[in-house]
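What follows is a set of notes on a single structure, which appears directly below.
The values are calculated or read from the model by the stated rules, or taken from the named source; none is laboratory data. Owing to the predicted nature of the structure, the values given are computational and were not obtained by experimental measurement. So basically every Cβ, Gly included, is an ideal-geometry build from the backbone, and we count neighbours across all protein chains shown. Please note that ligands, DNA and RNA were not included when accessible areas were found on the heavy atoms of the full protein model with its side chains. Shrake-Rupley method; radii C 1.70, N 1.55, O 1.52, S 1.80 Å.
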Amino acid sequence: MDEFKDDNQKEEQPEELLTISKVSDPNYDPDDDIEFQVSPVSAAFIGLVGAFFLYQIVGSLLTVLILGMDLESVPVNSLRLMTMAGQILFIMLPALLLAKWIYSDVGKIIRIRKPDLKELGLFTIGIVVLTPLLQSYIYIQNYYLEIFAKNSEFINSIKSFFDSLNEMVEKTYSNLLSASNFVELTLVVVVVAVVPALSEETMFRGFIQRSFELKYKKYLGAIITALFFSLYHFNPYGFIPLFILGIFFGFASFKSKTLLIPMFLHFFNNFSAVMLYHIIGDDELIKSDASLNPDELSSYVMMFFGLSLLFVGLIVVINKYYASKNLLKEE
């Protein structure tokens with residue numbers, strides 16, 4: 001007879017029964033039992049707007065006030081230290097403070113748990129496959145964009161705008177990545193790989209994605225967060241690769257239920273970029289031109305599709321790993 005109870009009767013069930021029914025839900029996550037001061041979606045946008053305003057606007061103003069208007073004449077290490085301080089003070093710290101203010105239980109939002117070596121290994125293989133996959137995509141994208149720009153005045157005007165933005169991005173990264181000795185290279189790794197991995201993942205996959213997850217499906221929360229993550233970087237030619245990277249970081253976050261894995265993936269991705277920059281040079285790593293001949297294009301297309309198949313297969317393996325892991329828990 002219980003199955004014929006109406007909705008009003010269900011609402012009157014004791015809290016213990018409601019808890020039991022939630023635990024029996026295969027999608028139930030005890031970390032989602034969180035009290036909050038404002039709507040989780042509103043909280044996510046507070047984090048997005050706050051991080052943008054504090055880091056991009058307040059941080060830029062402070063940099064100018066401290067170092068002066070002529071930033072090109074400022075020692076590059078001073079800019080690096082300001083960049084690092086800005087990431088910590090205006091991205092990571094606000095994420096922690098917002099998590100405490102809105103959700104009280106910071107540990108359920110900024111989840112730091114020791115991952116299994118197997119899951120860490122699977123996701124690491126994923127980023128190793130994804131990095132050359134996205135690099136080949138950029139070459140293909142820019143090749144066809146160059147062709148379309150030659151045949152369309154409208155696309156050519158968009159490309160010219162993108163080129164001006166990309167020139168600023170390339171100049172900034174060239175200054176940050178350059179190093180003349182090991183000590184300076186170590187500082188570059190800290191500024192470009194370690195601090196962004198900690199700060200950006202705490203804000204994006206920690207506070208913002210977890211906030212979206214409390215309202216939407218977890219994969220949708222990861223996609224929405226990845227979109228803003230890509231926009232945040234102001235890299236026109238890297239928008240789609242950054243978006244896909246963000247989705248993968250988000251996927252790792254909600255599957256593993258720990259921020260340590262996306263933090264490691266983010267670090268590994270940026271660290272690889274630093275090392276490649278110093279091994280093969282900036283002309284190959286961060287250029288946006290499309291100087292490919294048809295044979296080179298064909299090889300990049302083959303590489304792109306081959307790595308895409310490999311990456312999709314790896315995602316299937318990761319999903320099966322967590323499905324079997326959850327099955328063992330139920331037993």
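For a quick check of your reading of the model, give me the residue pairs whose first member lies in the range 64-85 and is among the basic types (Lys, Arg), whose second is at pLDDT below 90 and not in a loop (DSSP other than H, G, I, E, B), with beta-carbon atoms closer than 8 Å and at least 6 apart or on different chains.
Arg80/Leu176
For Val189, all conditions in the list (1) open to solvent by 60 Å² or more (accessible area, probe 1.4 Å); (2) part of a helix (DSSP H, G or I) hold save one; what is the number of the exception?
Result: Val189 fails condition (1) only.
If the requirement is being under 19 Å from the mean Cα position of the chain (by Cα), over 18 Å from Thr124 (Cβ atoms), open to solvent by 20 Å² or more (accessible area, probe 1.4 Å) and of a type in the set (Val, Ile, Thr), which of these qualifies: Ile224, Ile244?
Ile224
Just checking, does the range 140-162 include any residue being within 19 Å of the chain's Cα centre (by Cα) and open to solvent by 30 Å² or more (accessible area, probe 1.4 Å)?
The answer is no; no qualifying residue exists.
Can you name every residue in the range 112-163 that is within 22 Å of Ala252 (Cβ to Cβ) and outside any helix (DSSP H, G or I)?
Ile112, Arg113, Lys114, Pro115, Asp116
Residues that are modelled with pLDDT of 80 or more: find the helices (runs of 4 or more DSSP H) completely inside the range 9-100 holding 3 or more of those. I'd like the intermediate steps shown before the answer.
Details: elements: 15-24, 40-51, 59-67, 76-87.
Of the helices (runs of 4 or more DSSP H) lying wholly inside the range 9-100, those with at least 3 residues that are modelled with pLDDT of 80 or more span 40-51, 59-67, 76-87.
Report, by residue number, each residue of the range 227-241 that is in contact (Cβ under 8 Å) with a residue 24 or more places away in the chain and buried (at least 19 other Cβ atoms within 10 Å of the Cβ).
Phe228, Phe229, Tyr232, Asn235, Tyr237, Gly238, Pro241
With respect to Leu198, determine if the residue is touching a helix residue (DSSP H, G or I) at 6+ places or on another chain (Cβ under 8 Å) and free of Cβ contacts under 8 Å to residues at least 24 places away in the same chain.
Spelling it out, it is not the case that Leu198 is touching a helix residue (DSSP H, G or I) at 6+ places or on another chain (Cβ under 8 Å) and free of Cβ contacts under 8 Å to residues at least 24 places away in the same chain.
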